[in-house]
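In what follows, a single structure is set out as structure tokens and then discussed.
The values are calculated or read from the model by the stated rules, or taken from the named source; none is laboratory data. For clarity, every value in this text was computed on a predicted model and none was experimentally measured. Cβ placement follows ideal geometry from the backbone for every residue including glycine, while neighbour counts extend to all protein chains displayed. Heavy atoms of the whole protein, side chains included, go into the accessibility calculation; ligands, DNA and RNA do not. Shrake-Rupley method; radii C 1.70, N 1.55, O 1.52, S 1.80 Å.
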Amino acid sequence: MTTETVALRPEVGCQGTSKKGGHGRPAPAVRTAADVVAEPVRWLWKDHFALGKIAVVAGVGNVGKSLLVAGDFAARVSSGSTWPDGSASPAGDVLIASGHDSAADTLVPRLCDHGADLKRVHLLEDVTGPTGEPSRAFVLGGLLDRGLRQCPGVKLVVIDPLSAFLNAASSRAGLAVLQGLASRCGAAFVLVTELRESAAAKAAATGSGPPAVTGLPGLVSAARSVWVLSCDADDPLRRLFMPAKNNLGTLARGYAWRLADGKVQWEPKRMERAGAGRMAADPARARRLAAAFIADFLKDGPRMWGVIEAHAKRAGHKPAALERGRGGVAEPFKRTEVDGRWLWRLIGDDRTSSDGDIADLFGGDEVGLPSRSGGGTRRQPTRAAQVEPDDEDDDDDDFAETDDDEDDQEDCDEIDDDGDDDAEDDEDDADDEEDDE
């Protein structure tokens, strides 16, 4: 099967033979900008998927990409229902090219669960080769082109996964053909692809830009929008759908959803992007998670705040969330009768010490924090890392700005640096005590 069946060349401009080469090659197509009639971008989903363009949904394996795109999105377009942000979806046909999922036991049941109009959903068949594997050549041939001609009302084309039909060697040429087909038929092409684990984690946590997809050069550059689907680090059953690139519209806010009864259930609250490309999580939720961590950490008795903060930091909690979450579950007290140290304990707990607290006091290994040199463990700071209690525990003043979080992070780093010096002072004090003995 050759590419000539869907050879796409501009139909405007001048074509002829090259005077320089003289080999009958077509001359470059040229059009004066004054002859171009400007037109607005047409959207399948405003600021998400543009009609006539390529979009990418990337994520690691087993995160629900096919369910989301070939299930929820396809159902919305076929039935003309609204998108998760409340905007209208233009009703139209959907064409799905699936390289792995069976139509009878996976694709159609999934569409039914999401309320699709099955008469408007078309499944591209004969995409497998003699061995039963997806044919990588079909996107470069006429099969997809013929499918689009048979269904002139297609608004959404889903190719899932793209790697089943394109490899690294054919990626750029295949993407050019797909872009030509999208432009000609006016449908949004949503390509589902794999994302490296490290890239997925970074994209979900920072929203720092287009991610590196697996083994397909030029894909992110060709796509006009890229969205990343990942698991919530704090809730494995929660999915985050976040924007990473948008060349044609504003970089929209992200979404969160869960799977309930085989159907995607969207959360009403959008996920905001904050600061220099960083995505801010729900501050109230972060505070609740931090409070739960503190309550669990203090169940065995009082501990110094620096120790609590260090362990919480390793678990992924931000200092600002800890400071706002501690007020509802813990209280500070000064152990004046022993050493004058400030500690934290659960509200209603009358204990003034614990085994962990004693280990912290004498630099025991219970802290178990990695040393800055990379080997072994280092003792937790025992004086400078303590936090004097503050009376400002206003739950209504939720932190939401990334800049505040970064300031808190810098403060935490300063505490750690000071703590190292204090740890050295503690060691010197211990040596002096041994000499006295």
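For segment 42-59, indicate whether the set of residues that are within 24 Å of D232 (Cα to Cα), of a type outside the set (A, V, I, L, M) and part of a loop (DSSP other than H, G, I, E, B) is non-empty.
For segment 42-59, residues within 24 Å of D232 (Cα to Cα), of a type outside the set (A, V, I, L, M) and part of a loop (DSSP other than H, G, I, E, B): present.
Can you tell me which residue within segment 343-353, out of those that are surrounded by 15 or more Cβ atoms within 10 Å (Cβ to Cβ) and closer than 29 Å to A284 by Cα, is farthest from the chain's Cα centre (by Cα)?
So, considering only residues that are surrounded by 15 or more Cβ atoms within 10 Å (Cβ to Cβ) and closer than 29 Å to A284 by Cα, the one farthest from the chain's Cα centre (by Cα) is D349.
Quick check on segment 251-265: of everything there that is open to solvent by 40 Å² or more (accessible area, probe 1.4 Å) and outside any loop (DSSP other than H, G, I, E, B), which residue is modelled with the lowest pLDDT?
L259
Can you tell me which residue in segment 136-147 is modelled with the lowest pLDDT, limited to those that are of a type in the set (A, V, I, L, M, F, W, C) and surrounded by fewer than 22 Cβ atoms within 10 Å (Cβ to Cβ)?
A137
Scan segment 72-94 and give yes if some residue there is surrounded by fewer than 22 Cβ atoms within 10 Å (Cβ to Cβ), in contact with a strand residue (DSSP E or B) (Cβ under 6 Å, 6 or more places away or on another chain) and free of Cβ contacts under 8 Å to residues at least 24 places away in the same chain, otherwise no.
Scanning segment 72-94, I find no residue that is surrounded by fewer than 22 Cβ atoms within 10 Å (Cβ to Cβ), in contact with a strand residue (DSSP E or B) (Cβ under 6 Å, 6 or more places away or on another chain) and free of Cβ contacts under 8 Å to residues at least 24 places away in the same chain, so the answer is no.
Looking only at segment 217-239, which residues are open to solvent by less than 20 Å² (accessible area, probe 1.4 Å) and under 10 Å from the mean Cα position of the chain (by Cα)?
Answer for segment 217-239, where residues must be open to solvent by less than 20 Å² (accessible area, probe 1.4 Å) and under 10 Å from the mean Cα position of the chain (by Cα): W227, V228, L229, S230, D232.
Name the one entry in P210, P268 that is at pLDDT 90 or above, open to solvent by 60 Å² or more (accessible area, probe 1.4 Å) and in a loop (DSSP other than H, G, I, E, B).
Residue meeting the stated conditions: P268.
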